[in-house]
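Down below is the structure, laid out as structure tokens.
Derivation of every value follows stated rules applied to the coordinates shown; laboratory data play no part. Everything numeric here is computed off the predicted structure, so don't read it as measured data. Positions of Cβ are backbone-derived with ideal geometry, glycine not excepted, and every protein chain shown enters the neighbour counts.
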Amino acid sequence: MTAASGQRAMNLPVAEFQPTAENQPATGIVTAFSATETAAMDAALEAALRGPRGANPLVGAVVVDANGRQLVTGFHRGAGTAHAEADAIAQAAAAGIDLRGSTMVVTLEPCNHCGRTGPCAQAIISAGITDVIYAVDDPHDPAAGGAATLRGAGIRVRSGLAAGEALELNRHWFQAVAAKRPFVTLHIAQTLDSRIAAEDGTSQWISCPESLADNHGLRGRIDAILVGTQTVLVDNPRLTARDASGTPAGHQPLRAVMGLRDIPADAAVRGEDGRVLHLPTRDPREALSQLYTAGIRHLMVEGGSRILSAFLTAGLVDELIVYLAPTLLGSGTPALNGLGISTLAEAQQWEWDQADGGSVRSLGRDLRLHLRPQHTESLEPQPLRAGAEPAMGGY
């Protein structure tokens, strides 16, 4: 992934993220970025991949001085943590580096709102940074507008550098934002022969302790976790985030149960905090609509096989995490219960995802596989909003 190739990209793979006349560059005008700026964007894109996918996009930021020297590199570590720009500025402050007169290169338009963290546009202004280059506009309405704020403060702002790579980096996050639905992570813990339970229904535990700990870490940063009513009736899960000792984590996801049957009054998923939501539907899209209305922006779908299959069949999975145990059962409950595929030409294709630790990791005796849907469509570029410098192109 390089910024230089991004400047040449004409077809950007972000289905549902439509370009508009308002944000297209003026026809025939091409402005080149310097080698220093291009190298900084390459570094920012690489740094962005260190973060986790979810409610917020992957973002990286690099600050360079007047001589082209890269001073600090920041990246976003997930919802509720410092944004990439603020991370870079904080690193500079800790190291005693004066950023006045420097240039920040960032993979997404700096945000302009106060969410769980402060607005990055204001942090950039306060740091004395005089130039900002970003790849693509932030499509998220509450966060957008940072570029205009920066310009209003006298900062030179350019955009469009590596727009193709930046859009591809967060392809499915952009799609989820455009569709007004949560970003969906689907989790499967299975044997080598794709079983999630033995023939007698036992499943605790297929995964090793290290995989279980990793999964609970993920639970601790999502907004909601979803299972079907069948899973509630058979497994009676708590669906909480816990540490190795069983102590509940500080952040707990909303517990969502999808299906037409009622949740038993004594089901463990009800918990004691009342943070359980019954979704009386079998339609994944309807379930996502209800969750989005409830404020959910990152959902993890955990099971069982019918629910997993329904979301995959509907094409509503943005990220796939598989914990693969070196175990064979030969029979039992399959991880998936049919995807409506009758021939190889119809097979779903996935690609390895290098974000957040890489596509394949060893966890104890298990393997953790990290994937995202393979790109199948493309659109024209969408890097600029009205007022941006042409063809130089918050999360």
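In order along region 183-188, the phi-based Karplus estimate (6.51 cos²θ - 1.76 cosθ + 1.60, θ = phi - 60°) of 3J(HN,Hα) comes to 5, 10, 9, 10, 10, 10 Hz; Gly and Pro are listed as x.
Principal axis analysis of the Cα atoms in region 230-288 yields extents of 36, 23, 18 Å, listed in decreasing size. Loop-located GluC sites (Glu not before Pro) in region 104-211 (DSSP state not H, G, I, E or B) with no more than 16 neighbouring Cβ atoms inside 10 Å: Glu199. Count Lys and Arg as plus one, Asp and Glu as minus one, and take only other residues whose Cβ is under 10 Å from that of Ala268; the net charge is then +1.
According to the Cα gyration tensor, what semi-axes, each the square root of 5 times an eigenvalue, does the equivalent ellipsoid of region 69-116 have, listed from largest to smallest in whole Å?
Semi-axes, largest first: 19, 12, 10 Å.
Near Trp350, the amide H atoms lying under 5 Å from its own belong to Gln374; only residues 5 or more places off or on other chains count, and H is placed 1.01 Å from N.
The local environment of Leu369, defined by Cβ-Cβ distances under 13 Å, has a net charge of -3 under the rule Lys, Arg +1 and Asp, Glu -1.
Protection proxy ranking for 78-89, 326-337, using the average of other Cβ atoms within 10 Å per residue and placing the highest first: 78-89, 326-337. The trypsin sites (Lys or Arg not before Pro) found in region 152-182 that occupy coil by DSSP, while having at most 13 further C-beta atoms within 10 Å, are Lys180.
Charged side chains reduced to their Cβ positions (Lys and Arg at +1, Asp and Glu at -1) give region 224-364 a dipole of some 260 debye around its Cα centre. In this structure the amide hydrogen of Leu279, modeled in the peptide plane, comes within under 5 Å of the amide hydrogens of Val257, Met258, Gly259, none closer than 5 places in sequence on its chain. Phi-derived couplings, Karplus 6.51 cos²θ - 1.76 cosθ + 1.60 at θ = phi - 60°, listed residue by residue for region 40-47: 5, 5, 4, 5, 5, 4, 5, 5 Hz, with x used for Gly and Pro.
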